[in-house]
Amino acid sequence: QVQLVESGGGLVQAGGSLRLSCVASGSISSINAMGWYRQAPGKQRELVAVITSGGSTNYPDAVKGRFTISRDNAKNTMYLQMNSLKPEDTAVYYCKGWGRSYDYWGQGTQVTVSS
């Protein structure tokens with residue numbers, strides 16, 4: 001089993017920055033890629049960023065150039081640095097880990113960007 005706990009969400013003005021953290025515990029060695037998703041009210045959950053065990057990253061066009069995903073394996077922590085935030089970035093942000101047999105999710109952290 002793997003437990004994922006997000007933190008770092010909050011209220012920020014448009015143009016501001018936030019850094020989200022996701023701490024993993026448990027059978028961490030079973031996790032390969034990790035990523036961030038978000039879900040706005042009334043919308044489907046969407047992928048925001050992904051990072052492989054080798055450090056390769058990928059982003060959708062909506063956040064490319066503004067968001068940066070990283071991981072510190074020594075701290076079992078993944079980060080999402082979000083810059084130039086827009087009101088449309090408002091959502092609950094979830095951490096996800098892709099395991100060998102199961103996928104794992106955190107409980108989510110709210111990010112609200114005011115205009």
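The values are calculated or read from the model by the stated rules, or taken from the named source; none is laboratory data. What you are looking at is a predicted structure, and each value in this text was computed from that prediction instead of being measured. Positions of Cβ are backbone-derived with ideal geometry, glycine not excepted, and every protein chain shown enters the neighbour counts. Please note that ligands, DNA and RNA were not included when accessible areas were found on the heavy atoms of the full protein model with its side chains. Shrake-Rupley method; radii C 1.70, N 1.55, O 1.52, S 1.80 Å.
Summing charges over all other residues whose Cβ lies under 14 Å from the Cβ of PRO41, with Lys and Arg as +1 and Asp and Glu as -1, gives 0.
Averaged over its residues, the chain has an accessible area of 53 Å² per residue, based on protein heavy atoms and a 1.4 Å probe. With the gyration tensor restricted to C-alpha atoms of the chain, the semi-axes of the equivalent ellipsoid amount to 23, 14, 13 Å, longest first. Considering only GLY35, GLY97, GLY55, the mean-square fluctuation computed in a Gaussian network model of the chain, springs between alpha carbons under 10 angstrom, is largest for GLY55.
Taking Cβ atoms as reference points and 10 Å as the exclusive limit, the residues near TYR79 contribute a net charge of +2, counting Lys and Arg as +1 and Asp and Glu as -1.
In segment 67-115, a dipole from Cβ-located charges (positive for Lys and Arg, negative for Asp and Glu) runs towards its positive end, and of THR112, LEU80, SER70 it is SER70 whose Cα lies farthest in that direction. Dipole check for the chain: with +1 at the C-beta of Lys and Arg, -1 at the C-beta of Asp and Glu, and the Cα centre as origin, the magnitude is about 80 Debye.
The length gained on full extension between ASN83 and SER70, counted as 0.36 nm times the residue separation minus their Cα-Cα distance, comes to 3.3 nm. The accessible-area ordering, largest first, of the residues ASP103, ASP61 stands as ASP61, ASP103, per a 1.4 angstrom probe. Just the number, please: carbon plus sulfur as a percent of the accessible area of the chain, 1.4 Å probe, no ligands or DNA/RNA counted. In the chain, the share of accessible area belonging to carbon and sulfur is 47 percent. Neighbours of ALA91 by Cβ distance under 15 Å: Lys/Arg scored +1, Asp/Glu scored -1, total +2.
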